[in-house]
Amino acid sequence: MGTLLETGAITPEWLVERIAGRTGDLADAVADLIRSGELAPGDRLPTVRALAKSGDLTVGSIVNAWSHLQEQGFVQTRRRGGTVVLPPRDSVPERGIPDWRGVDLAQNAPDLSLQPSLSDALMSSLGAETLNVFGRELMTERLRAAVADGWPFEPQAWATAGGGTEALLLAVEAAAPPGSTIAVDEPLGPGVLDTIRDLGLHAIGVGADSDGPRPDALDAALRSGAVAFVFQPGAPFAVDHVVTAARTSELAEVLGRHEGVWVIEDDSIGPLEAEPLPSMGAVLPDRVIRIRSYCKAYGIDVRTSVLGGSRDLIENAMKLRSHGVGSNSRILQNTLAFLIGSDDAQRSVDIARDRYTSRRTALLDALGARGIDAYAGEHSLVVWVAVSDETAALVALARQGISVGAGSRSFVEPSGLNLLRISATQLPDESEGIDQLADLVATAVAESAREYFD
């Protein structure tokens, strides 16, 4: 294996030294290193910028090389996870068992086969009377009518944004100026903490018990100067809790004692929730904004989330969107409105919800049968696996072509457990595939324990 940085990545200097003098292009040179074993499965290649600074290579040539290597099955580039060397193709079982190199168990991407067709929804949107009329609408009347009855409180204002991540980014940026502190309901979904830090904000984690975020932990965060609270009423990433209506009321009481603190309710899986979620909007109407995302239920190309709540916070958020001139396509908004009211789409969502739950339960059972400590909240879309050494376990799974999430990236501070995060949405339905994954996870857990204690 090549020389590693503390982050687990191959150093640019090591790679430049190894490829110097080799014939052929960069992709061929790196492929030769992989074939020879000098680059091993699980090794993370340098970033494009770092490698370009260390040699005579251009950014374009490196991007092309990494792309060619991925096409040939030598590496896989993962969002926020870098470019990682994969195991040889002939080391991955081909029959009856998933090729894990093509499965992202880290990002909670929905199963495309379980999402409703967009054809009728898109066609219905093309008959809108306001289509292509010059002007800017934050929300179409069709979409407002579709979402209003299911909203948990009467909002002062409505707006739309792209996906749920964009809406959350806008709301957080509107609520918390750079340099300020926000309280966050842990654990968070992939990338949320990175986004918060990119905005120049300091996060304080609010720990939970079985009923949701603890009131005392929220109070401590607010006393430390937090100006906003990001709350996940559906607990889609919970380790072992749900959020009850009673606990939500207790949290609202705490917030009532701290004037001026904004509340951002993040309903990140929208229609995939099995039942209506609690809200603080009725108690704190001037201070709550709720975001509902539909991408996991209906597909990423619907690309429309809904914001409803405090007029002041929504106005501030919309001013930040493309300097106040951005708006969502009426076609996409009305497509979403059709899907929300469609019985066929609802049946697809119900099937997906049941399938995700079954997959999560199957993996929990399989891991438990192998003596592995694994956890998941009742409504969680992820399975958490306890390991002795997070990095060692991640590398051990990467050697098998398996991409899972680092639990440390979902918590502001160490949670007391070293955890891996495995998405339930991309798991196979067949017991053979679940059993194989459980075996590989068990092996990774054992390897991480040996490295930790040796």
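Each value in this text was obtained by applying a stated rule to the coordinates, not by laboratory testing. Remember, it's a predicted structure, so these values are computed and weren't measured experimentally. Quick reminder, even Gly has a Cβ in these numbers, built from the backbone with ideal geometry, and neighbours come from all protein chains shown.
Considering the alpha-carbon set of the stretch 119-341 alone, what are its Rg and its Dmax in angstrom?
Reported Rg and Dmax, both Å: 17.0, 52.
What is the set of long-range amide H partners of LEU105 at a cut-off below 5 Å, with H atoms built 1.01 Å from backbone N?
When sequence neighbours closer than 5 places are left aside, the close amide H contacts are SER403.
Contour minus end-to-end for SER117 and HIS202, with contour as 0.36 nm per residue of separation and end-to-end as the Cα-Cα distance?
26.5 nm is the gain from fully extending SER117 to HIS202.
Counting Lys and Arg as +1 and Asp and Glu as -1, each charge on the Cβ, what is the dipole of the chain about the Cα centre in debye, to the nearest 20?
Magnitude of the dipole: close to 980 debye.
7 Å from Cα along Cα→Cβ at both VAL63 and GLU413: what's the point-to-point distance in nm?
Those two pseudo-labels are separated by 4.1 nm.
Using just the alpha carbons, could you tell me how many Å³ per residue the convex hull of the stretch 302-454 encloses?
Taking the convex hull of the Cα positions in the stretch 302-454, it is 179 Å³ per residue.
How many percent of all Cα-Cα pairs in the stretch 178-267 sit more than 16 Å apart?
Tail of the P(r) past 16 Å holds 48 percent of the pairs.
I want to verify the translational diffusion coefficient of the stretch 12-85 in µm²/s; compute it with Stokes-Einstein, Rh as the Kirkwood radius over Cα pairs, at 20 °C and 1.002 mPa s.
176 µm²/s
Find the centroid of the Cα atoms in the stretch 196-264 and in the stretch 175-190, then give the distance between the two in whole Å.
10 Å
Sum -39500 (n - 2.57) across every DSSP H segment of at least 4 residues in the chain, then divide by the residue count to get the 222 nm mean residue ellipticity, nearest 500.
The helix-only estimate for the chain comes to -12000 deg cm²/dmol at 222 nm.
Sticking with the crude label model, points 7 Å out along Cα→Cβ, report the distance from LEU126 to THR47 in nm, one decimal please.
4.3 nm
Counting Lys +1, Arg +1, Asp -1, Glu -1, what net charge surrounds ALA50 among other residues with beta carbon under 12 Å of its beta carbon?
Residues close to ALA50 contribute a combined charge of +2.
Using alpha-carbon positions, what is the distance between the centroids of the stretch 380-454 and the stretch 279-313, in Å?
Rounded to whole Å, the Cα centres lie 32 Å apart.
Nearest 10 degrees is fine. How inclined is helix 164-175 to the longest principal axis of the chain, computing both from alpha carbons?
For helix 164-175, the angle is close to 60 degrees.
Do you know the relative contact order of the chain, to the nearest whole percent, from alpha carbon pairs under 8 angstrom that are 6+ apart?
Reported as a whole number, the value is 20 percent.
If you take every DSSP beta bridge whose two residues both sit in the chain, what share of them, in percent to the nearest 5, is antiparallel?
Percentage antiparallel, nearest 5: 55.
Give the angle, between 0 and 90 degrees and rounded to the nearest 10, that separates the Cα long axis of helix 26-36 from the longest principal axis of the Cα atoms of the chain.
Between helix and principal axis, roughly 60 degrees.
For the stretch 279-359, report the % of Cα-Cα distances exceeding 19 Å.
Value for the stretch 279-359 (Cα pairs over 19 Å): 53 percent.
Among [x] 70, 59, 45; [y] 65, 50, 46; [z] 89, 49, 37, find the value of Cα extents along the principal axes in Å that was calculated from the structure presented, and write down its label.
Structure-derived value, by its label: [y].
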